[in-house]
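Just so it is clear, none of the values below were taken in a lab; they were calculated from the coordinates. Owing to the predicted nature of the structure, the values given are computational and were not obtained by experimental measurement. Heads up, the Cβs are rebuilt from the backbone with ideal geometry, glycines too, and the neighbour counts pull from every protein chain shown.
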Amino acid sequence: MMPSFFPANRPAVCLAPMAGFSDRTFRLLCRERGADLVTSEMISAKGLCFMSEKTRALYLPKEGDAPYAVQLFGNEPETIAKAVAIVERDLGGLLRSIDLNMGCPAPKIAGNGDGSALMRDPVLAGEIVRAAAEASHMPVSVKFRKGWDAAHENAEEFARICEENGAAFLTIHGRTREQMYAGQADRACMARVKCAVKIPVLANGDVHDAQSALDTLRETGCDGVMIGRGALGNPFVFEEIVSALEGRSYTPPSWDERRETAMRHAQMALEEKGDHAIVELRKHLAFYLRGIHDAAKLRTRINACKTLEELQQIWG
């Protein structure tokens, strides 16, 4: 059964959770451009249970927030269950689903037994999914990888364990933890995962435009795509893909439209987080420059930018 936020007439097109990137401002921009589901940055379940205000600030709703999913990471079933209860209490009707991070390859995450490290312990992973599903009143999903490394590719088995323990849908990234983000995402692996379970599956990896989305969906049979790095500096990608799926024409944004969106992104972030947000914004804004003349020079100037006024001068 499809979760309620999946479109009835086409595959879903979703924003991936990305640490340091999928904050409230970026989620809103992506929703405006047609993303069916947006997800918070990954959030420490343990941090929530310690009632860390810094951790809660990653997802706490504010006026104008669209509904979204919250991604949690952790390796203790009891802690995950407590964190789910806290998120549901805080978000109420703004919560669309709970996502469990079992795919992050970052050493500081996997090195502590979280993220993709859980693919080496499918039994524990299943216990975590079960604890979350029993604690949640909303659908619980799991985002995971092809496996830990080339010698331990267990995505199909892992998917079945997640399903058996109550996952409502899955997202498969077609690379191992060892690969990080190198090489090409394995669509054949995604297709095998889709065939291994009865619940919906989203394909993640190397989706950056309409053609790559259509190719991924055709080759995998998945129920939708989840876009991460392909959306950075390009929230328009959701509109592009949805238009292609619905058979509508699409006109790529002009440079002026991209520039206006980048500046709006900056202004929204500053209103949200204050003047210190300009430093955090640099990495976002650099992505808006992809493919333009003198992009490297502009990135250098942006990386030295400290105020909105300086940013306006750079963008012209």
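Please get the size of the charge dipole for the chain, origin at its Cα centre, with Cβ charges of +1 on Lys and Arg and -1 on Asp and Glu, quoted in debye to the nearest 20.
Computed about the Cα centre, the dipole is about 400 debye.
Run the helix sum for the chain: -39,500 (n - 2.57) per DSSP H stretch of 4+ residues, divided by residue count, reported at 222 nm to the nearest 500 deg cm²/dmol.
-13000 deg cm²/dmol
Run through region 166-269 and list the trypsin sites (Lys or Arg not before Pro) located in a DSSP loop whose Cβ has at most 15 other Cβ atoms within 10 Å. Please list the in-between numbers first.
Details: sites: R175, R177, R187, R192, K194, K198, R218, R229, R248, R258, R259, R264; in loops: R177, K198, R248.
Here the sparse-neighbourhood loop sites are K198, R248.
Given the options A188, A81, A296, state which has the largest fluctuation in a GNM of the chain using a 10 Å cut-off (strictly under) for Cα springs.
A296
For E164 and Y250, compute 0.36 nm times the residue count separating them, minus their Cα-Cα distance, and round to one decimal in nm.
Working: separation 86, 0.36 × 86 = 30.96 nm, distance 4.06 nm.
Gain on stretching E164 to Y250: 26.9 nm.
What's the FRET efficiency of E134 with H293 using the Cβ-Cβ distance as r and R₀ = 45 Å, to the nearest 0.05?
On the way: r = 55 Å, r/R0 = 1.22.
Here the calculated transfer efficiency is 0.25.
Ordered by residue, what ³J(HN,Hα) values in Hz, to whole numbers, does region 255-271 give under the Karplus form 6.51 cos²θ - 1.76 cosθ + 1.60, where θ = phi - 60° and Gly and Pro are x?
For region 255-271, the Karplus curve yields 4, 4, 5, 5, 5, 4, 5, 4, 5, 5, 4, 5, 5, 5, 5, 5, 5 Hz.
A 18 angstrom limit on the alpha carbon distance is what I want to check against. Which of K108/K306; K62/K143; K143/K198 exceed it?
Table pairs above 18 Å Cα-Cα are K108/K306; K62/K143.
Can you run phi through the Karplus equation (6.51, -1.76, 1.60; θ = phi - 60°) for region 206-212 and list ³J(HN,Hα) in whole Hz, with x for Gly and Pro?
With the stated coefficients, region 206-212 comes to 6, 9, 9, 6, 5, 5, 5 Hz.
Using alpha carbons only, how many angstrom separate the centre of region 40-55 from the centre of region 253-316?
Result: 28 Å between the Cα centres.
Quick query: amide H of G103 versus all other amide H atoms, modeled in the peptide plane; which residues come in under 5 Å with a sequence gap of 5 or more or a different chain?
It is S116, by chain and number.
Checking the a/c ratio against 1.5 first, then a/b against b/c, what shape does the Cα gyration tensor give for the chain?
prolate
Go ahead and run the numbers for FRET between L214 and T307, Cβ-Cβ distance against an R0 of 35 Å, rounding to 0.05.
0.25
What nm value, rounded to one decimal, do you get for the distance between D149 and K283 when each label is placed 7 Å out toward the C-beta?
Each label point lies 7 Å from its Cα, and together they span 2.7 nm.
What are the ³J(HN,Hα) couplings of region 232-242, residue after residue, when phi is run through the Karplus curve with 6.51, -1.76, 1.60 and θ = phi - 60°? Round to Hz, x for glycine and proline.
5, x, 8, x, 5, 4, 5, 4, 4, 5, 4
Kindly provide the chymotrypsin sites (Phe, Trp or Tyr not before Pro) of region 111-199 that DSSP labels as loop, not H, G, I, E or B, and whose Cβ sees at most 15 other Cβ atoms within 10 Å. Numbers along the way, then the final one.
On the way: sites: F144, W148, F158, F169, Y181; in loops: W148, Y181.
Passing sites in region 111-199 are Y181.
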